[in-house]
Amino acid sequence: MQASKAIPAPRRRALTSDRIVTLSLHVLAGATLLLLLSFVGYIAYSALIDFQPSLLEFSPTGIGNQLFNTVYLVFLSLIISVPLGIGAGIYMAEYATHGRIQKVLRIAIETLSSLPSIVVGLFGYLVFIIMTNSQWNLFAGALTVSILTLPLIATITEDALRALPASYAKGSYGLGATKWQTISRVLIPAAFPAIITGIILAAGRVFGEAAALMFTAGMSTDINWNSTDITSPTNAFNPFRSGETLSLQIWASRSESLDPHASAMANLSALLLLALVFMFSIGARALSRYLNRKNLGDTK
Amino acid sequence: MEMSNMALSTNPQSISAVQSMVAAQEAIANAFTVEDLNFFYGSFHALKNINMEIKKNEITALIGPSGCGKSTFLRILNRMNDLEGDITVKGRICLEGEDIYKDIEPIVLRHRVGMVFQQPNPFPQSLYDNVAFGPRLQGITNKTDLDQIVEESLQRASLWNEVKDRLKKSAVSLSGGQQQRLCIARTLATKPEVILMDEPTSALDPISTAKIEELALELKEKYTIVIVTHNMQQAARISDKTAFFLMGDLIEYNKTKVIFSDPHQPKTADYINGRFG
């Protein structure tokens, strides 16, 4: 017993460094969490200290319309980028699996995903506004931010499909499935929880995007909530009206607004935006769990 | 049959026609007839001049050391090798008289010739959806029909009693042996004529292995089974015929009893006596 207590020097050093690494990782994780919490706390504090109920109104004096625009824009952009992104991911994982096409595609997607959003914004302005001869509108904004979110969804879908065991595809082919049946009935459902992560990240990008929307979705909002005609330029659900989002509104109130409540508005917008992203993330994960359970059956 | 009866009554000299009928019927008693099969992966000659008849309602075991071509041969029978890219198949392989590389679409062939893999590979879906997968591919969507097929298939795979109360649960929650029986049920649900098994018990414990072997013996009454195995006792226990492959050649193909008690080829004797491989 006594002999085993004497640890030889090299082993002692290994033990010491093990303890040091463990401790530092805990400290770093704690510091990051603290930073995040104080950040959220500061935003919440600044928002609540200047809070006025009128700020929540769905009118030009409140930020209700901007809140709606943000949600609506995320919805529109996901409608565009989710099918296209998943389609591109499927293509890269299952069809263009090697050779020149795949190389070119990969370089294109990597480049696309690292483009500065102001460049994408100006591109969107040129193509979706000037060339189509139209006014600033939400649909153009959704198309423009989709350029930013597409590579994200495509890459994550591709990685998720590639990470699946080859035995899934073999089993499916062995039962007489075609390639598309294999992809749509076995591979996509199996990769779905990972794909959801991609969609959450993409949505997060849209929630926070400002530069790409400035010249596409526009900086003005004029909604008549009583309108029932979707083609009217003041109808909330008309995608071809201009619409300022929360993050654009933060930028505008902080930089050029003359409104006396501008700073309070910006602070509240920041808090709302944070809450929105948080809720979306939780909601998407709950949906993913639900679909997974429906698909997989209960795991117990 | 009606045609030949008519021929007989009108023309008594059609004995040769009857003889060819008999020959045709013998051919139909074969599930597979393989003639002069040569198979290449790229330029690698993986199978050389294979001639073999696989009888219906029998278990045919394919044995031989790793890399001898037995699994390659198995995968030719339902054209799973087509998925591997650069392959060349020469010769004729007929399933009940139809050339599987000419007359049958691969996806139809794989309904008729099902496959059970080495590693149990249930889809990450519910038990029910796993078994209903094949029938759904074939266009069966009616709930009552599917329910019936699922129950029947699970019963045939001796899994029904263990899982009937949890069909909606995940297939990956089953034990390895249960998963493999689920994969067999999944194959049975497509109503195949032949079941190919690629070392189906090599990932299982002895009790699960015994269950799968017992199951194979029950299933041969309705299906033709071709099984690749590394386990020679297994081949001896369950198969009717055994084929011994070595370096891409079919060295000997005979009744299992003969192969294991009185092999005609010295190489076969060496292999089953454990002198190599």
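No lab work stands behind these numbers, since they all come straight from the coordinates. Not measured: the values here are computed from a predicted model. No Cβ is skipped: glycine too gets one built from the backbone with ideal geometry, and neighbour counts run over all protein chains shown.
Divide the volume of the convex hull around the Cα atoms of the protein assembly as shown by the residue count and you get 297 Å³ per residue. When A:V71, A:V104 are sorted by how many other C-beta atoms sit within 10 angstrom of their C-beta, beginning with the fewest, the order is A:V104, A:V71. Taking the fewest neighbouring Cβ atoms within 10 Å as the starting point, the ordered list for B:Y271, A:Y168 is A:Y168, B:Y271. Annotation for A:T132 and A:A166: the two label points, set 7 Å from Cα along the Cα-Cβ direction, are 4.5 nm apart.
Potential lengthening of the chain between A:E110 and A:T178 amounts to 21.4 nm, from the contour at 0.36 nm per residue minus the alpha-carbon distance. Placing a label point 7 Å from the Cα of B:E162 along the Cα-to-Cβ direction, the residues of region B:199-223 whose backbone N falls under 19 Å from that point are B:199-220.
Considering the dipole of region A:56-296 built from charges on the beta carbon (Lys and Arg +1, Asp and Glu -1) around the Cα centre, which of A:V277, A:F58, A:T132 is farthest to its positive end? After comparing all options, I get A:V277. Computed about the Cα centre, the dipole magnitude for the protein assembly as shown is approximately 1500 debye when only Lys and Arg (+1) and Asp and Glu (-1) carry charge, each at its Cβ.
Taken as entire DSSP H runs, the helices of chain A that both span 18 Å or more between Cα atoms along their own long axis and average -1.0 or more on the Kyte-Doolittle scale are A:9-49, A:64-90, A:100-113, A:138-162, A:188-208, A:262-296. Here chain A is assigned +1 on the Cβ of each Lys and Arg and -1 on the Cβ of each Asp and Glu. Its dipole about the Cα centre then comes out at about 1920 debye.
As a calculated quantity, the FRET efficiency between A:A6 and A:V27 at R0 = 30 Å, using C-beta atoms, amounts to about 0.45. The charge dipole of chain B, taken about its Cα centre with unit charges on the Cβ atoms of Lys, Arg (+1), Asp and Glu (-1) only, comes to about 460 debye. Treating chain B as a set of equal point scatterers at the Cα positions, no solvent, please give the Debye-formula log₁₀ I(q)/I(0) at q = 0.10, 0.11, 0.16 Å⁻¹. Those come out to -0.57, -0.68, -1.25, one per q.
Database remark: amide H of B:E58 closer than 5 angstrom to the amide H of B:I225 (H placed geometrically; neighbours at sequence offset of 5 or more, or on other chains; Pro and chain starts carry no H). Going from the fewest other Cβ atoms within 10 Å to the most, the residues A:Y173, B:Y253 appear in the order B:Y253, A:Y173. Applying 1/(1 + (r/R0)^6) with R0 = 41 Å to the Cβ-Cβ distance of A:E57 and A:F123, what FRET efficiency is obtained, to the nearest 0.05? Computed FRET efficiency for A:E57 and A:F123: 0.70.
Length, then width, then depth: along the principal axes, the Cα atoms of chain A run 81, 57, 41 Å.
Rounded to whole numbers, the Karplus 3J(HN,Hα) couplings from phi for region B:122-134 are x, 6, x, 9, 6, 3, 4, 5, 4, 6, 7, 4, x Hz, using 6.51 cos²θ - 1.76 cosθ + 1.60 with θ = phi - 60°, and x at Gly and Pro. Between A:W225 and B:K143, the FRET efficiency from the beta-carbon distance, with R0 = 45 Å, is close to 0.50.
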